[in-house]
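Working notes, structure below.
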């Protein structure tokens, strides 16, 4: 069964960030091989090419082709204002990967909590973020992931009622750890527990000592005080007190904490604990399901203006290492990514390095007679037809086609085109009784291995990458 990826929660990209987000998304689509098919006229014939997806005036971008997998999709669209992606019905795992990179960007830039999920379970996004940084040099931050209680609440309120706290604690982790992550982590841990969390070194202390204690010790002190209150005052009265207390700001809660009684002790706890901890404590004592209690309290996620106890352990920032895009795509090297990296060193296979040397020799061996004979428009038209009809409906890059049409009389471009044709037709010499087209259709396309198609794709990529082309073919 196909997995369902989506952003859970409301996506809100502020207007001042939309231009930046649109640029990032367009780069990811391009580098991920996602294109939109276009029609251009060459030598009197309408030919299909693959262009870079473009945003329209309504901030919608469309796509329907994958250069890496040679897959034509039903139209897919991304709606920036809504922060949603309409997936093509026939999308594959390669498309899902690129779409998830985009969802991670939207999650990062959204001012309202939203989270990448798979089948309503939050995804671990650190690796996606590392891939994005390696691809485009953009290091993303995820403040809503660090605030795990907010994440848990947002997911629960948006159709993920059955999510386990363990899944939140595992998937909320990022390498950009904020200090607020500690109280949010402990809150989710507390909310997900079926019994009170009593630390091994628990000790009963006066509320004046809370500042020098630690969160879980304060929590157990509050639980014991609240239990005494419920036993003596009744759960309804304690609930009304909590509803009044937890809706106040820090200064007002501090005034409540000055009372010299058990209510004052519970109020003092609200200066150090997020409100969900107190709600969970009440539900554990009364036996009421937490979310039912929390719904009646009706605070959303509640206040965040609390003090960190001095003996809480601060989070340690993890080490972040970028993940190479080609590895994320499941490839062993960057043979097919030559179009994207300019002067960066590529991880090329030995076969590809040998191929590059062959390209250099072949380029230098093209004769003046061959150059004079070549008619660029006719050759390009035939190339597009053959790629579509013979080589599994492959579509050539629009920018590549336009560039070669623009320089149709330039001998350097003609030489490069002749080498490309030789790569495509190189096995046809073994079948002299057939035309090259017949040989390719009837025999060669059935026996040509993946490495040979990778070489053709790499050569096309090199021609589009001007820095790499200058290095290899000297123009």
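The values are calculated or read from the model by the stated rules, or taken from the named source; none is laboratory data. Every value quoted in this text rests on a predicted model; they were computed, and no experiment measured them. Note: ideal-geometry Cβ built from the backbone for every residue, glycine included; neighbour counts use all protein chains shown.
Observations on the model:
- The single condition from (1) under 17 Å from the mean Cα position of the chain (by Cα); (2) modelled with pLDDT under 90; (3) surrounded by 14 or more Cβ atoms within 10 Å (Cβ to Cβ) that residue 92 fails is (3).
- For the stretch 1-115, the strands (runs of 3 or more DSSP E) that sit wholly inside it and include 1 or more residues that are in contact (Cβ under 8 Å) with a residue 40 or more places away in the chain, in contact with a strand residue (DSSP E or B) (Cβ under 7 Å, 6 or more places away or on another chain) and over 29 Å from residue 139 (Cβ atoms) are 34-42, 45-51, 60-66, 71-79.
- Subset of the stretch 335-355 (residues that are buried (at least 19 other Cβ atoms within 10 Å of the Cβ) and either assigned to a helix (DSSP H, G or I) or modelled with pLDDT of 80 or more (or both)): 335, 336, 337, 352, 355
- Flag for residue 416 being surrounded by 15 or more Cβ atoms within 10 Å (Cβ to Cβ), modelled with pLDDT of 75 or more and either out of contact with any helix residue (DSSP H, G or I) (no Cβ under 9 Å at 6 or more places or on another chain) or more than 23 Å from residue 30 (Cα to Cα) (or both): yes
- The set of residues in the stretch 457-468 being crowded, with 18+ Cβ neighbours inside 10 Å and part of a helix (DSSP H, G or I) consists of 457, 458, 459, 460, 461, 462, 463, 468.
- Sole exception among (1) in contact with a helix residue (DSSP H, G or I) (Cβ under 7 Å, 6 or more places away or on another chain); (2) within 17 Å of residue 362 (Cβ to Cβ); (3) modelled with pLDDT under 75 for residue 444, by number: (2)
- Where helices (runs of 4 or more DSSP H) sit wholly within the stretch 207-320, those with at least 2 residues that are within 37 Å of the chain's Cα centre (by Cα) occupy 215-233, 275-286, 290-297.
- Filter result (within 16 Å of residue 41 (Cβ to Cβ) and in contact (Cβ under 8 Å) with a residue 24 or more places away in the chain) within the stretch 404-423: 404, 405, 408
- Among residues of the stretch 280-302 being touching a residue at least 60 places away in the same chain (Cβ under 8 Å) and within 16 Å of residue 267 (Cα to Cα), the one that is surrounded by the most Cβ atoms within 10 Å (Cβ to Cβ) is 281.
- Residue within the stretch 367-378 that is touching a strand residue (DSSP E or B) at 6+ places or on another chain (Cβ under 9 Å), outside the structural domain of residue 43 (by TED's automatic domain parsing) and either touching a residue at least 24 places away in the same chain (Cβ under 8 Å) or surrounded by fewer than 15 Cβ atoms within 10 Å (Cβ to Cβ) (or both) present: yes
- Pair list, Cβ under 8 Å, 6 or more apart: the stretch 227-241 residue farther than 18 Å from residue 293 by Cα, other residue part of a loop (DSSP other than H, G, I, E, B): none
Yes/no per residue for (1) surrounded by 21 or more Cβ atoms within 10 Å (Cβ to Cβ); (2) farther than 26 Å from residue 22 by Cα:
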| position | (1), (2) |
| --- | --- |
| 121 | no, yes |
| 131 | yes, no |
| 149 | yes, yes |
| 166 | no, yes |
